RNA sequence: GAGGGUGUAGCGAAGUUGGUUAUCGCGACGGCCUGUCACGCCGUAGAUCGCGGGUUCGAGUCCCGUCACUCUCGCCA
């Protein structure tokens, strides 16, 4: 009965060195490779820590030889043997354990496996759905193992840093009240209360503010968040945030803390030196200079306003747009050795712009001696010098322009051209370029609904100088809001919060929530705020996105152990799935299927 | 909700203006091999070309529809 189930490892597959020469060891792991040379077998045995070469020599017993010959890829085995240094000529300098090998005396097959649905090796080009269906196999790959380690190291480093700075890690509930903000909620039906639902949190926003009212002073949480929206490469239904809130702080306290955190974490986890502070851009600067509120600063390619020049040109389309208060912006495409600015290429840039609402992309080529040619250049006769100087252009460059009545679409379209150019011309430098975007507008106008809504969320503090004009001119109000941007991705978002009941109610009213509705939805927050809330603020960096960028990946799926695909399905466990009628009955639910 | 891309053996791909038996690499299976490390060599099996319909003497290839995955817009405070 007490017979040993298996020979338990005495060390791992990444640990043995010359110093272990002659020692008797047991290794547990998976068959990574099995090279059979007739009388000699080489088995690469793999575990999380590395790969060690196991040798079955020609003097092996018949039994051992037969077991070695029967091994297939990914069999889980235990090897008992003796470490020996390899002959000089056989040393593999590519392997961490390449100086030694283990001469097997006994091999136990702990478990076998059938032919694999795909090969486990790094950088696999296997379709993602298949990888997700057999995620347990995919996770064995070196890439997934490294990324899970990176994610672990990242989170551990964050925990240690914040803990050392007096933060408490506090959990908040994941079954909460549905509150009408932002994204669609995931709902959980209540068994006890027919017709009532919990919601999964889109973020712990209200709870962390209430923790501040509760005197917790500094809080953080590695928090799972849920938003029922369509997926993308950099977002899915459930994701993980470092949620963080502090009492008695102003904006710069939060920004400084985060800079210190990321400088520390990047050094500790990746041995990468970040600058001690990050560049700050106002929302208006970011939009005007880069056309987006999440600019990728790994390359330049700044946008210029050329509305005044366009107005003086003979290009009636542009003149009309300017005359109607529209916007015209331009970008310089620098001369390239690798990319020919052909009509075909310009069309591809135009297509990129049109996705964001541009009607077209006007272009001109810069020639020698302040000349412009091609495209719309004939309309800019006499303005060549000014245009070229404005754009800082020179011979061989190209000037690309977007005109649009809507400022945001004008910016976004040209931003798409900017990022396409950077990619195609190979202008993207390696590295990590952080920047802060500050001074966001607090409200934006909902065209469909005909009312103002919070651009970020309704709990952010308006900047002081706008307190008197909140109601009269919501569109001009700037908030104490900040986003952290890394390599063109929004990786954190935060604000100084409102801690005054009356001010909070004013914001609700502007956002179309009358006092009664606000009380109904957010009464618990307003109630808490009656009891001497401290001034407070916080931020929430996205863990998945951060690790994705650190791992130089473009999909957060690569840094999540069990992600869902873009159709919101998990191919491994086949969720979502139907449930029993009994379960529905208990929850008082009747399914109404959509008509086809 | 909208647009683009992809779908050929277990995996990754090729497949010409529509033309005989759909090709290659990896993997699987069998055999050989004493120093490999992506071992090598020989052989074998494995494909309703996503699915349905149409055009045609003939469709992997052309057309229509549909499904799945994927990228993007919308959406995501």
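A compact table of results
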| item | result |
| --- | --- |
| Kirkwood Rh and Cα Rg combined as Rg/Rh, region A:17-58 | 0.99 |
| Sequence ranges A:540-547, A:403-410, A:277-284, ranked by mean other-Cβ count within 10 angstrom, highest first | A:540-547, A:403-410, A:277-284 |
| Rg and Dmax [Cα atoms of region A:41-156; Å; Rg one decimal, Dmax integer] | 16.4, 50 |
| Equivalent-ellipsoid semi-axes of region A:120-274, from the Cα gyration tensor, Å, largest first | 30, 27, 12 |
| Per principal axis, descending, Cα span of region A:139-213 in whole Å | 48, 37, 25 |
| Cβ-based exposure ranking for A:394, A:313, in which fewest neighbours within 10 Å come first | A:394, A:313 |
| Ordering of A:5-16, A:340-351, A:42-53, A:582-593 by burial proxy (mean other Cβ atoms within 10 Å per residue, highest first) | A:42-53, A:5-16, A:340-351, A:582-593 |
| Computed [θ] at 222 nm, helices only, for chain A once each DSSP H run of length n ≥ 4 contributes -39500 (n - 2.57) | -8500 deg cm²/dmol |
| Fraction in percent of alpha-carbon pairs per bin - 10 Å, region A:126-170 | 25, 32, 21, 19, 3 |
| Global geometry of region A:203-274, whether rounded, prolate or oblate, following the gyration tensor of its Cα atoms and the 1.5 cut on a/c | oblate |
| Cα gyration tensor shape for region A:438-493, rounded if a/c is under 1.5, else prolate or oblate | oblate |
| Relative frequency of Cα-Cα separations exceeding 34 Å in chain A, percent | 58 |
| Extension gain (nm, one decimal) between residue A:89 and residue A:271, 0.36 nm per residue minus Cα-Cα | 62.1 nm |
| Cα-based shape type of region A:448-596, given that a ≥ b ≥ c are square roots of the gyration tensor eigenvalues and the cut on a/c is 1.5 | oblate |
| FRET efficiency estimate (nearest 0.05) - Cβ-Cβ, residue A:554 to residue A:170, R0 30 angstrom | 0.35 |
| More than 15 angstrom apart: percent of Cα pairs within region A:276-346 | 67 |
| Sorted largest first, extent of region A:336-449 alpha carbons per principal axis (Å) | 50, 37, 27 |
| Rg ratio (alpha-carbon, reference 2.2 N^0.38 Å) - region A:386-521 | 1.39 |
| Residue order, fewest to most beta carbons within 10 Å, for A:365, A:267 | A:267, A:365 |
| Coordinate range along principal axes, alpha carbons of region A:547-596, Å, largest first | 47, 26, 17 |
| Relative exposure of A:264, A:37, judged by other C-beta atoms within 10 Å (fewest first) | A:37, A:264 |
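A short reminder: the numbers here are calculations on the coordinates, not readings from a lab. Bear in mind the structure is a predicted one, so any value in this text is a computation, not a measurement. Cβ sites come from the backbone with ideal geometry, for glycine too, and all protein chains shown count toward neighbours.
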